[in-house]
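Beneath this line is the structure, given in structure tokens, with notes to follow.
The values are calculated or read from the model by the stated rules, or taken from the named source; none is laboratory data. None of the values given here were measured: they were computed from a predicted structure. Glycine gets a Cβ as well: all are built from the backbone with ideal geometry, and neighbour counts include every protein chain shown.
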Amino acid sequence: MTDTLLVKDKDVVVPGETLAQGMSFVPSTGMYRDGENIIAAKIGLVSVEGKVIKIVPLADPYVPKVGDIVIGEVNDVLFSGWRVGLKGPYSAVLGVKDATSDFIGRGVDLTQYFALGEYVLCKIINVTSQKLIDITLRGQGLRKLNGGRLLAVNPAKVPRIIGREGTMTKMIQDATKTEIVVGQNGVVWLNGDPHNEVIATAAIRMVEQNAHKSGLTQTMKTWLDEQVKGGR
Amino acid sequence: MAYTKRFDGRAIDETRPMVAKVGVVPRADGSAMLKIGGTTAIVAVYGPREMHPKFMQNPRGGVLRCHYNMMPFSGHGERVRPGQNRRAKEISRVIENALRPVVDLSAFPNAVVDVFIELSETDAGTRCAGVTAAAMALADAGIDMKDLVAAVAVGFVDDRVVADLTYNEEHYNDYSDIEDKDRPVADIPIAMLPTTGEIVLLQMDGKVKREHLKAALELGQKVCRDINEVQRRALKEKYQE
């Protein structure tokens with residue numbers, strides 16, 4: 001049997017769709033091999049690199065990974081740390097050691113450092129098979145988030161919102177003069193003057209909705225120019 | 001009088017007209033709508049999210065939980081009393097069993113994926129419309145799935161094998177003026193994985209002969225493949241312009 005590729009680059013595929021026939025093609029994540037066939041297991045855009053077929057997911061629940069920078073909410077106070085919710089099924093533990101370099105004596109009220117309902121920008125340092133997660137605030141830029149507003153986005157669109165080497169976020173940031181932090185778990189934090197925050201929110205929503213289209217940077221640039229000019 | 005022409009003039013192997021749409025519930029993680037004739041199923045998927053009550057958590061993988069609900073004025077007869085009933089519980093269970101073989105939640109131990117199936121308009125075939133729409137909604141939510149699931153009811157009306165029965169056809173004996181009230185009417189909902197042809201839901205109501213059942217299953221498989229095409233098209237349409 002000759003090996004055939006049944007899809008083109010940039011095609012939208014859905015679960016159960018046969019992508020290729022033949023053993024010379026190599027499946028990657030989001031698909032599986034059934035005999036000679038490679039079958040999609042996720043909705044996404046196909047990208048073919050030689051004999052390797054990839055799926056860039058169009059929707060994807062967040063799976064915590066070591067090294068991810070995420071935004072979480074302090075949900076509970078523990079003996080020597082805090083429980084931080086990460087949007088999605090799992091919550092993380094922020095230990096006192098990883099939270100601050102201050103000396104904290106025994107029996108001190110931990111809410112004076114992080115109170116319930118406060119948000120932190122943190123890094124995941126450990127994930128177990130049962131998804132018990134440790135996070136840290138030690139690292140560049142990691143901190144408690146004060147003020148601003150939060151936005152929940154589809155975690156699959158986060159790479160597009162960040163852009164190549166942060167270009168998309170930087171563009172929106174510069175145009176709207178709003179500080180933007182994007183967590184890998186699909187939580188975005190914005191801080192600027194309220195009018196600009198609204199424009200930045202709309203911009204991020206636009207990127208999220210059009211994430212699968214090409215030439216998005218150019219579209220966004222034009223749109224932002226219009227908004228910023230028109231709004232003043 | 002034999003059942004030669006269907007009440008709505010369809011061919012015996014033809015489904016009612018279908019409209020499928022994905023992403024109809026903006027706040028859900030995934031959603032879909034399937035309208036097949038006078039039956040409309042709207043499905044919203046939430047999760048993976050934390051499982052409550054906690055004793056139902058499964059440390060070996062995520063749990064799929066379905067909620068089937070017919071809205072109060074959706075049916076032909078009396079108002080359906082809101083909330084759970086024995087029938088809804090059973091259907092939720094069989095839909096869960098039909099979807100579980102395709103979804104892979106091993107990456108989400110102790111979590112749950114909730115599937116809410118709401119029937120806003122019903123004219124028979126609700127569990128099939130529910131399964132079909134739920135498969136689309138799960139795919140829309142980005143859950144790993146080995147395949148979609150397509151479902152249809154096939155059956156017998158007065159010795160004819162027909163696809164996608166309506167309420168009137170299921171109650172053929174009450175409506176027709178035939179003397180012999182024992183002419184068999186059977187209703188057989190089937191759900192199947194379109195790529196492999198595996199059957200994941202098979203129920204039956206009524207009487208049927210062995211050779212007729214075989215014919216019905218073959219017809220059901222053919223129709224499920226057509227329904228799968230509708231599912232695929234709807235999922236792709238969300239991202240096309």
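Here are the numbers:
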item: Options A:108, A:158; residue that is assigned by TED's automatic domain parsing to the domain that holds residue A:217 and either within 30 Å of residue A:45 (Cβ to Cβ) or part of a loop (DSSP other than H, G, I, E, B) (or both); result: A:158
item: Criterion (closer than 30 Å to residue A:33 by Cα and out of contact with any Cys (no Cβ under 8 Å at 6 or more places or on another chain)) met by exactly one of B:236, B:209, B:214; result: B:236
item: Matching residues, the stretch A:36-53, being in contact with a Leu (Cβ under 9 Å, 6 or more places away or on another chain) and assigned to a strand (DSSP E or B); result: A:37, A:38, A:39, A:40, A:44, A:45, A:46, A:48, A:53
item: Test: residue A:169 is among the polar types (S, T, N, Q), within 14 Å of chain B (Cβ to nearest Cβ), farther than 30 Å from residue A:76 by Cβ and in a helix (DSSP H, G or I); result: no
item: One residue from B:148, B:138 being within 12 Å of chain A (Cβ to nearest Cβ), part of a loop (DSSP other than H, G, I, E, B), of a type outside the set (Val, Ile, Thr) and buried (at least 19 other Cβ atoms within 10 Å of the Cβ); result: B:148
item: Residues that are closer than 11 Å to residue A:72 by Cα and of a type outside the set (D, E, K, R), drawn from the stretch A:125-151; result: A:135, A:145, A:150
item: Residue A:157, sole failed condition from (1) without any contact (Cβ under 8 Å) to a residue 40 or more places away in the chain; (2) within 14 Å of chain B (Cβ to nearest Cβ); result: (1)
item: Scan of the stretch A:95-133 for residues that are within 14 Å of chain B (Cβ to nearest Cβ) and buried (at least 17 other Cβ atoms within 10 Å of the Cβ), ordered by number; result: A:127, A:131, A:133
item: Residue within the stretch A:80-88 that is under 30 Å from residue B:240 (Cβ atoms), under 20 Å from the mean Cα position of the chain (by Cα), away from chain B (no Cβ under 14 Å) and among the charged types (D, E, K, R) present; result: no
item: Among the residues listed as B:62, B:47, B:37, the single one being within 14 Å of chain A (Cβ to nearest Cβ), buried (at least 18 other Cβ atoms within 10 Å of the Cβ) and on the phi > 0 side of the Ramachandran plot; result: B:47
item: Count - residues of the stretch B:74-113 that are of a type in the set (Lys, Arg) and either within 14 Å of another protein chain (Cβ to nearest Cβ) or under 17 Å from residue B:198 (Cα atoms) (or both); result: 1
item: Only one of A:92, A:41 that is of a type outside the set (D, E, K, R), in contact with a Phe, Trp or Tyr (Cβ under 6 Å, 6 or more places away or on another chain) and within 14 Å of another protein chain (Cβ to nearest Cβ); result: A:41
item: Contacts under 7 angstrom Cβ, first residue in the stretch B:229-241 being in contact (Cβ under 8 Å) with a residue 40 or more places away in the chain and more than 7 Å from chain A (Cβ to nearest Cβ), partner in a helix (DSSP H, G or I) and among the hydroxyl-bearing types (Ser, Thr, Tyr), 6 or more apart; result: B:231/B:132
item: 3 or more residues within 25 Å of residue A:64 (Cβ to Cβ) and touching a residue at least 40 places away in the same chain (Cβ under 8 Å): qualifying strands (runs of 3 or more DSSP E) within the stretch B:1-108; result: B:39-50, B:63-70
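Okay, residues lined up against (1) at pLDDT below 95; (2) crowded, with 20+ Cβ neighbours inside 10 Å:
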site	(1), (2)
A:142	no, no
A:165	yes, no
A:175	yes, no
A:184	no, yes
A:187	no, yes
A:194	yes, no
A:209	yes, no
A:216	yes, no
A:221	yes, no
